[in-house]
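The values are calculated or read from the model by the stated rules, or taken from the named source; none is laboratory data. All of these numbers come straight from a predicted model, not from anything done at the bench. Every residue, glycine as well, gets a Cβ built from its backbone with ideal geometry; the counts of neighbours run over all protein chains shown. What goes into the accessible areas is simple: the full protein's heavy atoms, side chains included, and nothing from ligands, DNA or RNA. Shrake-Rupley method; radii C 1.70, N 1.55, O 1.52, S 1.80 Å.
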Amino acid sequence: MSEAVIDVLIPTCNRAPALAVTLTALASQTRRDLRIVVSDQSDGGGAAASAEVGAVLRYLAARGLPVAMLRHLPRRGMAEQRAFLLAQAAAPYCLFLDDDVIIESDLVERMARTMLQQRCGFVGSALHGLSHAHDVRPHQQAIEFWEGQVEPETIAPGGSAWERHHLHSAANLFHLQRRLGIGPDATRAYRIAWIGGCVLFDTAKLRAAGGFDFWDALPPEHCGEDVLAQLRVMARWGGCGIIPSGAYHMELPTTVVSRTVDAPRVLL
């Protein structure tokens, strides 16, 4: 396989079965110039010791997709975990993908295509929570499309643009894309406050904005580190979401139990 253009960076901790599902979806991507890097903070022998992950790693090898399974301990919080992953990135683009996300086979290709069109700092694909498939919330389905090129935006918690995040709750985006009849061949970029779980960055721009180097200013128990990094990139180069999304949340219990320290509210 040719040199990777996209590094897929996956943080994981004690979620071997979910990680196996996430990795399996990557094996079926239409975009093949990928390298997968997993930063594993699981207990015991780690995720690679599980039968499920081991089987998928063999499958990925057979499909010609390189995977680096890295043990990264001790745990110092999610920001440090992401900083470690970013340090491993060698490709022009890096996709931060959570270990409990299923993505459609053409999603990485569509995200990369949007990145090339927009030349912005990042492109995200918000997660559908399909346990809410029958929970329709029209009042949370407002969307602002980018007409033309994505531009830098300065967004702060509590501001009017912050309300955009409601579109990504439950299955709101899933319902909206079905109502609008937007298919993969008509992928559109839209304005966001932030996006979680599946975000493709221009690696150099993420690093230039500081990446996750703020990790040592936070206690190990924190949240919102991905949000803070996106807000910093967005202020300089812009960022967007794409519809249709093509990313699905497994809706497992969170591994980040304490959320009293929210990175953007503390450090922005």
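Please report the spacing between the Cα centers of the range 226-245 and the range 25-87 in Å, no decimals.
When both Cα centres are located, 24 Å separates them.
Could you work out how far apart the two model spin labels at SER105 and ASP213 are, taking each label as a point 7 Å from the Cα in the direction of the beta carbon, and quote it in nm?
4.2 nm
Placing unit charges on C-beta atoms (Lys and Arg positive, Asp and Glu negative, everything else neutral), compute the dipole magnitude of the chain about its Cα centre in debye, rounded to 20.
280 debye
Once you place label points 7 Å from the Cα toward the Cβ at ARG265 and GLU52, how far apart are they in nm?
Label-label distance for ARG265 and GLU52, simple model: 3.3 nm.
Could you rank the peptides 232-240, 122-130 by their average count of other C-beta atoms within 10 Å per residue, with the highest value first?
In descending order of packing, they fall as 122-130, 232-240.
Please report the antiparallel percentage of the DSSP beta bridges confined to the chain, to the nearest 5.
DSSP beta bridges in the chain are roughly 40 percent antiparallel.
First select every other residue whose beta carbon is under 10 angstrom from the beta carbon of ALA79; then total the charges, Lys and Arg +1, Asp and Glu -1.
-3
Evaluate the charge dipole of the range 1-150 about its Cα centre and quote only its size in Debye, nearest 20, assuming +1 on the Cβ of each Lys and Arg and -1 on the Cβ of each Asp and Glu.
Computed charge dipole of the range 1-150: roughly 280 debye.
How much area per residue is accessible in the chain when the probe is 1.4 Å and only protein heavy atoms are counted (Å²)?
Per-residue value: 42 Å².
Give, in nm to one decimal, the length gained when the segment between SER131 and ARG179 is fully stretched (0.36 nm per residue of separation minus the Cα-Cα distance).
The span from SER131 to ARG179 would gain 15.5 nm if fully extended.
Would you kindly work out the equivalent ellipsoid of the chain from its C-alpha gyration tensor and give its semi-axes, the square roots of five times the eigenvalues, largest first in whole Å?
Working through the eigenvalues yields semi-axes of 26, 22, 19 Å.
If the elastic network links every pair of Cα atoms under 10 Å, which of VAL108, VAL38, VAL56 fluctuates the most in the Gaussian network model of the chain?
So, out of VAL108, VAL38, VAL56, the one fluctuating most is VAL56.
For the range 1-64, take N as its residue count and report Rg(C-alpha) divided by 2.2 N^0.38 Å.
Against the empirical 2.2 N^0.38 Å value, I get 1.10 for the range 1-64.
Using the Kirkwood radius built from alpha carbon pairs, what does the Stokes-Einstein equation give as D for the range 65-212 at 25 °C and 0.890 mPa s, in µm² per second?
Value of D from the Cα-based Kirkwood radius: 145 µm²/s.
Given that compact globular proteins tend to follow 2.2 N^0.38 Å, what is the ratio of the alpha-carbon Rg of the range 13-101 to that value?
1.04
What does the extension gain come out to for LEU116 and GLU147, with contour length at 0.36 nm per residue minus their alpha carbon separation?
Here the answer is 9.6 nm.
Which residue fluctuates most in the GNM of the chain (Cα springs below 10 Å): GLY121, GLY77, GLY183?
With Cα springs under 10 Å in the chain, the top fluctuation among GLY121, GLY77, GLY183 is at GLY183.
For the range 215-268, would you read off the P(r) tail past 12 Å as a percentage of all alpha carbon pairs?
Of all Cα-Cα pairs in the range 215-268, 71 percent lie more than 12 Å apart.
Pick out which of ILE143, ILE242, ILE192 has the largest mean-square fluctuation in a Gaussian network model of the chain, springs linking Cα atoms closer than 10 Å.
Answer for the Gaussian network model of the chain: ILE143.
On the accessible surface of the chain, probed at 1.4 Å, how many percent belong to carbon and sulfur atoms?
53 percent
Dipole size in debye (nearest 20) for the range 164-255 around its Cα centre, Lys and Arg Cβ +1, Asp and Glu Cβ -1?
Charge dipole of the range 164-255: 540 debye, to the nearest 20.
In the range 98-187, which trypsin sites (Lys or Arg not before Pro) fall in coil by DSSP and have 13 or fewer other Cβ atoms within 10 Å?
Listed in order of number, the matching sites are ARG119.
Work out which GluC sites (Glu not before Pro) in the chain are exposed loop sites (DSSP not H, G, I, E or B, at most 14 other Cβ within 10 Å) and give the longest gap free of them.
Longest run free of exposed loop sites: 4-143.
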